[in-house]
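Visitor: Starting off with a structure, shown below.
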Amino acid sequence: MLGHALGDALGAPFEFAEVGSVCKATGKDWIEELCPFTAPLGPHGPWVSPTVPGTGTDDVRYNRLFLDFAVELNGRMPADDELARRLLDIYEHPGQYFPGFEDLARAQFEMWEGVSCGCLGQASTVVPGVEPAILATRSVGLNYPTIAGLLLLPSAGLLFPDDPEAAYQEAYKSAFFDLAYAREATALFAAAQSLALSGMPPVQMTETVFNMDPLQLGGYFGGPFIKQNLPPLLDRARGMEGSLLAGWLSTELRNFSVFDPYRALAITFCALQAYPDAPMQALEIAANHMDVAPDGTILRHADIDCYAGITGALIGTICGAEALPAQMLQQVVTGNRSVYGMELEEVIERFINVATTQSDASD
């Protein structure tokens, strides 16, 4: 969770920021330090201004909610209908989950209302007049694959140590809001995290994950989208590092939406391939990603807090907190405490206690 929160905080001040904003703020063209926010407040960003460096956005709030829910369920993965009910409950009663931030919390979770109602077979108040069966096909209000599952379930694999097939299948089933290969992305990430938790090195972990297809998602016209397309991309990226790799990825993935799960996973696995033993450099690759037009024009920074948060969740699982800069982690803990009253270390401790108890019981 600390790796995830660090990645979120590293990229968040420059998420969708204009070209040159990093240099203006830091004197460099490369994000490598935690910076304060200067953008306006909003439901998906920080909720207090001014925020200290290290403060998280909706990404860290989602992860905290998932870990708390898993603890409530005694270390069990929530089923799709349980997750839908919880998301609806947060939207309808935000003050119970985020005291003092009711309006911002409701605005953040409004996008989950329609698809959650669809999952539960009930009418929506946000998108009235649309049948539940249709609502259930709309991701988070959008009609294309998104990183919703990677945002809401970045810790799902922690519930299945060294059991990647179970992690894959259960994450796939729970991600009711994911469309098409977005579900595959959520499942693959959970499987990778399961393997990482067992101590498997990054290169072997990657190879193992892309040899998996426990739900037989392939068909007459080829294999699952991500499993089929990401390994060749990793081969082409081999040997690239630093700004060369970050720039190449920005150009290579320019035709995918900034919210696309394939894009997010490609960045994560390419960063790990380039820096299997250097976690901060891998995080920096994810945070220094641009939104590029089809003609090659650099438009702005992309959804870099999400890319770096997702990458950080896997890096933290592989390396542990001791491999990340202690001062930066302390800034993350302090920032989220001062802004949200969120005690990340307590959330982590509760989760570890439940996960350990479950593991001992199964043994």
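Visitor: Could you say whether any residue in region 11-18 is crowded, with 22+ Cβ neighbours inside 10 Å and among the charged types (D, E, K, R)? Don't jump to the end; show me each part of the working.
Guide: Quick first cut of region 11-18, residues crowded, with 22+ Cβ neighbours inside 10 Å only: 11-15.
Restricting the remaining residues to those that are among the charged types (D, E, K, R) gives 15.
Yes.
Visitor: Still on this structure, please answer the following. Which residues, counting only those in region 128-143, are at pLDDT 95 or above and either touching an Asp or Glu at 6+ places or on another chain (Cβ under 8 Å) or among the basic types (K, R) (or both)?
Guide: Result: no residue meets the conditions.
Visitor: From L245, L217, L249, L233, which residue is part of a helix (DSSP H, G or I), surrounded by 13 or more Cβ atoms within 10 Å (Cβ to Cβ), aliphatic (A, V, I, L, M) and without any contact (Cβ under 8 Å) to a residue 40 or more places away in the chain?
Guide: L233
Visitor: Something else: Name the pairs whose Cβ atoms lie under 6 Å apart, with the first residue in region 51-66 and without any contact (Cβ under 8 Å) to a residue 24 or more places away in the chain, the second among the charged types (D, E, K, R), and 6 or more positions between them or separate chains?
Guide: No pair meets every condition.
Visitor: Find the residue count for region 265-302, including only residues that are over 20 Å from I318 (Cβ atoms), surrounded by fewer than 24 Cβ atoms within 10 Å (Cβ to Cβ) and touching a residue at least 40 places away in the same chain (Cβ under 8 Å).
Guide: Within region 265-302, residues that are over 20 Å from I318 (Cβ atoms), surrounded by fewer than 24 Cβ atoms within 10 Å (Cβ to Cβ) and touching a residue at least 40 places away in the same chain (Cβ under 8 Å) number 8.
Visitor: Just need a number here: residues in region 144-171 that are of a type in the set (F, W, Y), outside any loop (DSSP other than H, G, I, E, B) and surrounded by fewer than 24 Cβ atoms within 10 Å (Cβ to Cβ).
Guide: Selection size over region 144-171: 0.
Visitor: Let me ask something additional. All but one of (1) modelled with pLDDT of 95 or more; (2) under 24 Å from G11 (Cα atoms); (3) of a type in the set (G, A, S); (4) within 19 Å of the chain's Cα centre (by Cα) hold for G56, so report the exception by its number.
Guide: Evaluating G56 over (1) modelled with pLDDT of 95 or more; (2) under 24 Å from G11 (Cα atoms); (3) of a type in the set (G, A, S); (4) within 19 Å of the chain's Cα centre (by Cα) leaves (1) as the failure.
Visitor: Which residues, taken from region 19-44, are hydrophobic (A, V, I, L, M, F, W, C) and surrounded by 15 or more Cβ atoms within 10 Å (Cβ to Cβ)?
Guide: V22, A25, I31, L34, C35, F37, A39, listed by residue number.
Visitor: A follow-up question, please. Only one of A17, A105 is within 25 Å of T268 (Cα to Cα) and not charged (D, E, K, R); which?
Guide: Criteria check complete, one pass: A17.
Visitor: Just to be sure, is L142 of a type in the set (A, V, I, L, M) and in contact with a helix residue (DSSP H, G or I) (Cβ under 6 Å, 6 or more places away or on another chain)?
Guide: no
Visitor: Right, another one. Evaluate the following for A182: is it closer than 26 Å to F256 by Cα and not polar (S, T, N, Q)? If you could, list the steps in order and put the result at the bottom.
Guide: On the way: closer than 26 Å to F256 by Cα: yes; not polar (S, T, N, Q): yes.
Against the criterion (closer than 26 Å to F256 by Cα and not polar (S, T, N, Q)), A182 qualifies.
Visitor: While we're here: Kindly provide the set of residues from region 88-105 that are free of Cβ contacts under 8 Å to residues at least 40 places away in the same chain and surrounded by 15 or more Cβ atoms within 10 Å (Cβ to Cβ), ordered by number.
Guide: Answer for region 88-105, where residues must be free of Cβ contacts under 8 Å to residues at least 40 places away in the same chain and surrounded by 15 or more Cβ atoms within 10 Å (Cβ to Cβ): L88, I90, Y91, P94, Y97.
Visitor: Quick check, is V333 touching a Gly at 6+ places or on another chain (Cβ under 9 Å), of a type in the set (A, V, I, L, M, F, W, C), farther than 29 Å from S198 by Cβ and in a helix (DSSP H, G or I)?
Guide: So V333 does not fit the description; no.
The values are calculated or read from the model by the stated rules, or taken from the named source; none is laboratory data. The structure presented is a predicted model; accordingly, all values stated were derived computationally and were not measured. Neighbour counts are summed over all protein chains in view; Cβ atoms, including those assigned to glycine, are modelled from backbone coordinates with ideal geometry.
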